[in-house]
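First the structure, in the form of structure tokens, and then the observations on it.
The values are calculated or read from the model by the stated rules, or taken from the named source; none is laboratory data. From a predicted model like this one, the values you see are computed outputs, not experimental measurements. Methodologically, a virtual Cβ is constructed for each residue, glycine included, from the backbone with ideal geometry; neighbour enumeration extends over all protein chains shown.
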Amino acid sequence: MDSGSLAARRSAAVARGVGSVISSYVDSASGGTIVDVDGREWIDFAAGIAVTSVGNAAPRVVEAVREQVGRFTHTCFMVAPYEGYVAVCEALNSLVPGDFDKRSALFNSGAEAVENAVKIARHATGRPAVVVFEHAYHGRTNLTMALTAKNMPYKHRFGPFAGEVYRAPMSYPLRDGGLSGSAAAARAIDAITTQVGVDNVAAVLIEPIQGEGGFVVPAPGFLPELAAWARSIGAVYIADEIQTGFCRTGAWFASAHESVEPDLVTTAKGMAGGLPLAGVTGRAEIMDAVHVGGLGGTYGGNPVACAAALATVETMRELDLCAAAQRIAALALPRLTELAARYPWIAEVRGRGAMLALEVTHPDSVGPNGPTPDPARTAALAKACHEAGLLVLSCGTYANVIRLLPPLVIPPDTLDRGLAVLAEAAAGL
């Protein structure tokens, strides 16, 4: 079966609203490459959107999944519990930043984790309001669409959305006039105080590095001041580490780069080697505030996914994938910086570890929010990469950011080849 035949079958069977970045269909994948059904090899700078950090079909994960499938595939932890769920919660409690007693609960997806974190915060505080930020992305369910900033394709004509969600200004160094982290935090705090009211705020929810919003890295000091302020008013500071977690940025969690200890952390994506699993981890007194039976779900913490997660964490420790992410940055950043120096339409290179991005703008054109975005050139760059066999993703509120998310186990020579393809694609624009 070739990609053309599969495309015809898809057209007849799959809802049109489900899109794909490339038209090829995958046959197999490994640490840094994907092979499609036509036999073409792709260099993978997407990792399933930061999911297959330990690589596809990672040996420990495969072995653990096979062993667990042979014993049992499902009982529902709420009906008949099992060790794997407990072990994953123990691992999360030990890995998530914070020198305090923690508890965890497991779910199916990042959006579900975010929804439950909001539920927990509201229950623990008795307050209704949730504060999120410009350019944020938190999921595709009704509540998480309300939390997400970008309309197309995530929110368009899907409303009305859940209420009591308020949006504050984000620290976006390229686009906020060079505000320091402290000044940006003061601006956000003032907006929350005047527009929401401190006694109404249940949670302040933020991605330490924004994902779909454009890999926005806030100015130093923004996150620590925001977290400290949230606690000072009795609100829950929630770090959405769904894309940034599990070694992606060169630390187990991106909050650690500024020594931030969130009250709650949401996780998913890279935690289970490609299987669907998510979690909420946080302060015991907040997590345990919810009544028995108030948290759960039929598939949350599925035993096969838990086995995969434990094997994924073992692999990350054994291979020191935090250091691997730092090595990827050390190799990639000089190359990306060189491209930015060569092409004035690359306004900024940013990111941490193996979470890197190029923001594409119109040279010498500045609007009210900084350099004028160039989504057309961004799409052309992504298309040129795809045509040359490099799988990259775009993102950003203005659809003008190319993001690079290679598996953390990508071989250096494969990474080098991918960067060369990107450079050649840029040269052709």
*Residue identified as in contact (Cβ under 8 Å) with a residue 60 or more places away in the chain, out of contact with any helix residue (DSSP H, G or I) (no Cβ under 6 Å at 6 or more places or on another chain) and closer than 22 Å to Ser394 by Cα among Ala254, Ala235*: Ala254
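Does Thr397 satisfy the criteria of being polar (S, T, N, Q), more than 23 Å from Ser255 (Cα to Cα), touching a residue at least 24 places away in the same chain (Cβ under 8 Å) and not assigned by TED's automatic domain parsing to the domain that holds Thr75?
Working: polar (S, T, N, Q): yes; more than 23 Å from Ser255 (Cα to Cα): no; touching a residue at least 24 places away in the same chain (Cβ under 8 Å): yes; not assigned by TED's automatic domain parsing to the domain that holds Thr75: yes.
The answer is no for Thr397.
Condition check ((1) closer than 16 Å to Leu310 by Cβ; (2) surrounded by fewer than 22 Cβ atoms within 10 Å (Cβ to Cβ)) across all residues:
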site	(1), (2)
Arg71	yes, yes
Asn93	yes, yes
Arg103	no, yes
Ile120	no, no
_Please determine whether any residue of the stretch 27-34 is touching a strand residue (DSSP E or B) at 6+ places or on another chain (Cβ under 6 Å), farther than 20 Å from Arg417 by Cα and without any contact (Cβ under 8 Å) to a residue 24 or more places away in the chain._
yes
_So if I check each of Gly293, Gly300, Gly279, Gly273, which one is on the phi > 0 side of the Ramachandran plot and in contact with a helix residue (DSSP H, G or I) (Cβ under 8 Å, 6 or more places away or on another chain)?_
Gly273
*Quick one: is Asp320 under 30 Å from Val79 (Cα atoms) and modelled with pLDDT of 95 or more?*
no
_Among (1) modelled with pLDDT of 95 or more; (2) in a loop (DSSP other than H, G, I, E, B); (3) under 22 Å from Leu223 (Cα atoms) - the single one His156 does not satisfy_ = (3)
*Among residues belonging to the stretch 176-230 that are surrounded by fewer than 17 Cβ atoms within 10 Å (Cβ to Cβ) and in contact with a Gly (Cβ under 7 Å, 6 or more places away or on another chain), point out the one that is farthest from Pro262 (Cα to Cα).*
Ser180
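Looking for whichever is in the same structural domain as Val69 (by TED's automatic domain parsing), aliphatic (A, V, I, L, M), in a helix (DSSP H, G or I) and out of contact with any Gly (no Cβ under 7 Å at 6 or more places or on another chain) here; the options are Val313, Val292. Which one fits? Walk me through it before giving the result.
Working: Val292 fails: in a helix (DSSP H, G or I).
Just a single option satisfies the conditions, and that option is Val313.
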*Could you grab me the full set of residues in the stretch 376-429 that are among the β-branched types (Val, Ile, Thr) and touching a strand residue (DSSP E or B) at 6+ places or on another chain (Cβ under 8 Å)?*
Thr378, Val392, Val401, Ile402, Ile410, Thr414, Val421
